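The structure appears below as structure tokens.
The values are calculated or read from the model by the stated rules, or taken from the named source; none is laboratory data. Computed from a predicted structure; not experimentally measured. Here the Cβ is made from the backbone with ideal geometry for all residues, glycine too, and neighbour counts use every protein chain on show. Surface accessibility is based on the protein's heavy atoms, side chains included, excluding ligands, DNA and RNA. Shrake-Rupley method; radii C 1.70, N 1.55, O 1.52, S 1.80 Å.
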Amino acid sequence: MFGKVLIANRGEIALRVIRACQELGVRTVAVYSEADARAPHVREADEAVCVGPPPSAQSYLLGDRLIEVAKQTGAEAIHPGYGFLSERAWFARAVRDAGLVFVGPPAEAIEAMGSKTAARQLVIAAGVPVVPGTTEALRDADGAIAIAESFGFPVLLKAAAGGGGKGMRVVHSAAELASALASAQREAKNAFGDDAVYVEKYISGPRHVEVQVLADMHGNVLHLGERECSLQRRHQKMLEEAPSPAVSPALRARMGETATAAARAAGYVNAGTCEFLLDRDGQFYFLEMNTRIQVEHPVTELVMGIDLVQWQLRIAAGERLPFEQKAFTPRGAAIECRITSEDPANGFLPSTGRITHLHLPSGPGVRWDGGIEAGSEVGLHYDPMLAKLIVHAPTRALAITRMQRALRELVIEGVETSRGFHLRLLEHPDVQSGNINIQWLESHLDELTGLSANDETIQLAAIVAALAAQQDREVRIPTGNDDELNDASERSGWRAVARRESLRRE
Ligand code: MV4
């Protein structure tokens, strides 16, 4: 195992990697921007080096600088986390060329999966089902129309260098195609410096199901089942779960074999994820492979009983995977809520400020992967995800109840957060029954964000809750028929918080 690892990231994932290193007896080097000088990841690491001013382009994205810091501090490997430099093939290559280990796949595998058309060619050759479409960039509108007509409208134009939903256009008829192609090409050129656009049949109302893969340097490739990730807004996932309520053991085995075939075809090593669309008839189609650890990895960890980040490090150090595929059957159900500093009542506008008060949920089956603490300053330089709240329970229904309980325990003061939105989401019958797809969340936003109280109402509610809490502590709850009072105080989150706060002060 490595003696020392540099973590090229911040926030909750930097802390997650530090914890994995600590359990493996590996020393850690954090890097940070001037905005993060007091951030928890800086304190929790064994050493920390400031790499620049707040904008990521001048700090967390300075690959060469991070490699220099790794060499200066004697780190042997760099863990990139997710986002930032995690899927930049040039960075993986530069790390390797500097004589260090990149904790992730080989640069060649990142490259192979980075071009969506090249990835399609690669996986088709391995027998993986993909959505009908092209494997080469479109040359002109006439050619595109001929192809689109061969499988029928609507079709979806996608940037070859894209991924994650950037630069896509749904096209409903031949008449719209020429102008959609031109604008997609323009957008692709601007976003990725490459105007290559290809076309796929548009699948309407599918689920987004992704399969976790682990591969070592010795040819062992395993899958760890799927995650259901359909509940997303503007390509940002809000809630993920494992297993997917739509995947049977037989489908899991087929999707898993498909994912490992795609990974093998790419010469994949380390942790990766194959994204699929799963349609209403149980047909699944490979979309793309994410060549990094993902935000939602904890739900897989909980149902499979394995530490994925530790295994990323072990694989990078040359260890063999000691598992047999049949060891990986999901146990129970896990759900993750991404707690963001966004205001759901205000179009998910990012909210900034200092976290003045933080009360974390805990107890059976609750995990908090956070990057903040009381006193943290939340700004606009980085992603608004503050933390992930993850629960594990014997069944999906119990996991939902447990998540509701944990969200009610959670108090974050100082910035607006998605907490209340998550509570309402989990109350919805479609979410409770698992009857969701990738369009569900955006088509139910009004219902989920509708009732927004104004400041004055919130102040009144807080006062009433405080008064009610004052009563609760004065009245010794006697025996017998006080069930109603107990029920009411349990059900009101306001009252529970006020009671907790009023009792704290003595
Ligand atoms: C699609 C699709 C429908 N049909 N491809 C979005 C992210 C990127 N990985 C590909 N995406 C999609 N590709 C075809 N042929 C719908 C989406 C899509 C989507 C996929 C997964 C999760 C959320 C999504 C939201 C909108 C669109």
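Couple of notes before you dig in:
- Taking the 1.4 Å solvent-accessible surface of region 123-199 as the whole, the part contributed by carbon and sulfur is 51%.
- Dipole magnitude (debye, nearest 20) for the chain, charges at Cβ of Lys, Arg, Asp, Glu: 800
- In this label model, SER248 and ASP281 are separated by 1.6 nm, measuring between points 7 Å along each Cα→Cβ vector.
- Formal net charge of residues neighbouring TYR198 (Cβ-Cβ distance under 9 Å; K, R +1; D, E -1): +1
- Kirkwood hydrodynamic radius over Cα pairs of region 97-193, then Stokes diffusion coefficient at 25 °C and 0.890 mPa s, in µm²/s: 165
- In terms of overall dimensions, the C-alpha atoms belonging to region 313-472 reach 59, 37, 36 Å along their principal axes, ordered largest to smallest.
- Dipole axis of the chain (+1 Lys, Arg; -1 Asp, Glu on Cβ), positive-most option in VAL247, GLN404, GLY318: GLY318
- Since only GLY379, VAL51, HIS359 are under comparison, the one whose Cα sits farthest along the positive direction of the charge dipole of the chain, derived from C-beta charges on Lys, Arg, Asp and Glu, is VAL51.
- Per residue, the solvent-accessible area of region 331-465 (1.4 Å probe, heavy atoms of protein chains only, all protein chains present) comes to 46 Å².
- Region 102-219: relative contact order as a whole-number percent, Cα under 8 Å and 6+ apart: 27
- The smallest convex shape that holds all Cα atoms of region 234-358, its convex hull, gives 168 Å³ per residue.
- Averaging 1/r over each pair of different alpha-carbon atoms in region 259-313 and inverting the result gives 12.5 Å, the Kirkwood hydrodynamic radius.
- Heavy-atom accessible area with a 1.4 Å probe sorts HIS235, HIS41, largest first, into HIS235, HIS41.
- More than 19 angstrom apart: percent of Cα pairs within region 209-287: 34
- Each principal axis of the Cα cloud of the chain was taken in turn, and the coordinate range along them, longest first, works out to 75, 57, 45 Å.
- Here LYS189 sits with roughly 110 square angstrom of accessible surface, probe radius 1.4 Å.
- Residue-averaged [θ]222 nm for the chain, counting only DSSP H segments that reach four residues, each worth -39500 (n - 2.57): -11500 deg cm²/dmol
- ILE145, ILE400, reordered so the largest accessible area comes first (probe 1.4 Å): ILE145, ILE400
- Using a probe of 1.4 Å, the accessible surface attributed to ARG367 totals some 50 Å² when neighbouring protein chains are kept in position.
- Farthest positive-ward along the chain dipole, Cα basis, beta-carbon charges - from TYR285, ILE78, PRO206: ILE78
- Other-chain or far-sequence residues with amide H under 5 Å of GLU288's (modelled H): GLU275
- PHE151, PHE276, reordered so the largest accessible area comes first (probe 1.4 Å): PHE151, PHE276
- Taking all protein chains as they are arranged and a probe of 1.4 Å, the heavy atoms of HIS357 leave approximately 50 Å² accessible to solvent.
- Applied to region 75-87, the Karplus parametrisation 6.51 cos²θ - 1.76 cosθ + 1.60 on θ = phi - 60° returns per-residue 3J(HN,Hα) values of 6, 9, 9, 10, 9, x, x, 10, x, 5, 9, 5, 10 Hz, with x for Gly and Pro.
- Set of lysines near LYS166 by C-alpha distance (under 20 Å), chain-local residues within fewer than 8 positions excluded: LYS116, LYS158, LYS189, LYS201, LYS237
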